[in-house]
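Structure record follows, encoded as structure tokens.
The values are calculated or read from the model by the stated rules, or taken from the named source; none is laboratory data. Model, not experiment: these values are computed from the prediction. Cβ sites come from the backbone with ideal geometry, for glycine too, and all protein chains shown count toward neighbours. Side chains included, ligands, DNA and RNA excluded: accessible areas come from the protein's heavy atoms. Shrake-Rupley method; radii C 1.70, N 1.55, O 1.52, S 1.80 Å.
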Amino acid sequence: MPQPLRDSPSAHLGDRLEDVETPSLIIDLDAFEKNLSTMASFARAAGVRLRPHAKTHKCVEVAKRQIALGAVGQCVQKVGEAEVLVNGGVADVLVSNQIVGDRKLDRLMVLASRAKIGLCFDDASQIKAASDAACRAGVTIDGLVEIETGMQRCGVAPGEAASLLAKQIANSPGLRFAGIQAYQGKAQHFRTPTERKAAIDVAVQAIRKTLDALDAAGLKSESITGAGTGTFHLEATSGVYSELQAGSYAFMDADYAANQQADGRPSEFAHSLFILSTVMSIAGDGWCVVDAGLKSFSGESGMPLVHHRPGLTVVGLSDEHSRIDLAPGTPKPRLGEKLLLIPGHCDPTINLHDHYVCIRNGIVEALWPIEARGASR
Ligand SMILES: Cc1ncc(COP(=O)(O)O)c(C=O)c1O
């Protein structure tokens with residue numbers, strides 16, 4: 001099939017940041033590496049496994065760096081993401097999601113002959129279909145029951161209903177019952193620590209109720225997995241979660257930066273992901289316009305922030321433009337000046353780009369392909 005024509009790389013190794021073509025997706029390597037090691041050290045000290053979510057970074061190089069620091073593997077949401085990671089050499093991938101459709105299940109089972117694969121279920125018919133697919137391929141995969149934690153997305157009711165599905169997994173050829181998926185996604189962006197704690201307390205109760213039902217059925221949960229960048233401290237110290245799935249911590253977007261931390265301390269993670277943009281118009285009275293818009297970052301979680309430029313506020317987005325208002329007394333940026341924007345939401349922003357331009361001390365040190373961008377099936 002003909003490949004889509006994509007942009008050529010926006011930079012070469014050794015370029016200065018100011019010479020990188022815009023818009024470009026930038027990683028500040030010092031901040032990124034520190035974020036990765038901060039989370040790895042936290043998980044080690046807390047005695048929980050770390051399985052970062054690749055729905056954030058979509059990149060084999062990032063996955064390998066997380067694993068080199070101690071992560072047990074990766075999470076994905078889509079079979080296409082799993083294919084990219086396994087083809088790139090990742091040996092342990094959990095699809096923290098439901099997969100419906102025989103063709104997709106067959107693609108997933110192909111991977112199970114080369115890597116340890118896990119899959120989540122919240123319905124008996126999904127379990128039957130996955131077991132049939134595993135038998136067709138002659139493989140065995142891990143099956144986890146996803147429970148509803150208060151997030152109101154996927155997940156069967158905790159307790160007896162979850163235990164019935166676990167029993168079905170345990171009795172299905174080609175499947176091995178491996179545990180409970182319990183991600184509370186809404187809680188990640190509750191702004192206050194009190195709200196986040198209350199939500200995770202509910203998730204923990206749902207897990208305990210399910211563990212009691214599994215116990216009565218004689219089933220053991222090897223893995224209780226969930227958590228994101230907003231709440232991972234709570235899951236790690238809950239006494240029930242054994243694995244953290246956080247993803248955004250590697251980059252820290254503007255939405256996560258708006259979460260208040262306990263005791264008013266700043267987040268332990270720094271912004272490491274930016275859109276480099278160029279000021280393309282200064283004709284407006286009190287604003288300027290840069291050349292990055294919705295083709296370069298998502299807007300569903302709010303406006304990007306202008307990095308280290310007080311007085312500049314992004315107020316409007318269109319496909320190829322962002323309008324930046326100037327606070328009274330703020331000098332207007334020059335035409336052609338480069339501005340770094342911190343995206344509102346990292347995952348869908350990364351999905352718009354072919355490669356990361358990785359910068360250290362103002363110089364391009366690496367270009368990493370984003371192999372799983374657009375892997376939506
Ligand atoms: C199932 C699941 N686990 C983990 C995460 C990672 O969360 P975050 O990127 O907020 O750390 C997500 C994000 O949407 C998710 O859907």
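Can you find a residue that is touching a residue at least 24 places away in the same chain (Cβ under 8 Å), out of contact with any Pro (no Cβ under 7 Å at 6 or more places or on another chain), in a loop (DSSP other than H, G, I, E, B) and within 16 Å of the ligand (Cβ to nearest atom) anywhere in region 132-141? No, because not a single residue in region 132-141 is touching a residue at least 24 places away in the same chain (Cβ under 8 Å), out of contact with any Pro (no Cβ under 7 Å at 6 or more places or on another chain), in a loop (DSSP other than H, G, I, E, B) and within 16 Å of the ligand (Cβ to nearest atom). When residues in region 102-126 are screened for being without any contact (Cβ under 8 Å) to a residue 24 or more places away in the chain and within 30 Å of G159 (Cα to Cα), 1 of them pass. Can you find a residue that is open to solvent by less than 30 Å² (accessible area, probe 1.4 Å) and more than 24 Å from H353 (Cα to Cα) anywhere in region 52-67? Checked region 52-67: no residue is open to solvent by less than 30 Å² (accessible area, probe 1.4 Å) and more than 24 Å from H353 (Cα to Cα). Take the conditions (1) touching a residue at least 12 places away in the same chain (Cβ under 8 Å); (2) assigned to a loop (DSSP other than H, G, I, E, B); (3) out of contact with any Leu (no Cβ under 8 Å at 6 or more places or on another chain); (4) surrounded by fewer than 23 Cβ atoms within 10 Å (Cβ to Cβ); D285 misses just one of them, which is (1).
Conditions tested, residue by residue: (1) within 12 Å of the ligand (Cβ to nearest atom); (2) touching a Cys at 6+ places or on another chain (Cβ under 9 Å); (3) closer than 27 Å to I350 by Cβ.
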| site | (1), (2), (3) |
| --- | --- |
| P193 | no, no, no |
| K197 | no, no, no |
| L214 | no, no, no |
| I224 | no, no, no |
| A227 | yes, no, yes |
| G239 | no, no, no |
| L244 | yes, no, yes |
| Q261 | no, no, yes |
| F274 | no, no, yes |
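From V84, V100, V72, grab the single residue that is open to solvent by 50 Å² or more (accessible area, probe 1.4 Å), more than 14 Å from the ligand (Cβ to nearest atom), more than 20 Å from A40 (Cα to Cα) and among the hydrophobic types (A, V, I, L, M, F, W, C). Result: V100 is the single residue among V84, V100, V72 that is open to solvent by 50 Å² or more (accessible area, probe 1.4 Å), more than 14 Å from the ligand (Cβ to nearest atom), more than 20 Å from A40 (Cα to Cα) and among the hydrophobic types (A, V, I, L, M, F, W, C). Exactly one residue among V20, V79, V95, V48 is within 16 Å of the ligand (Cβ to nearest atom), open to solvent by less than 70 Å² (accessible area, probe 1.4 Å) and more than 18 Å from the chain's Cα centre (by Cα), and that residue is V48.
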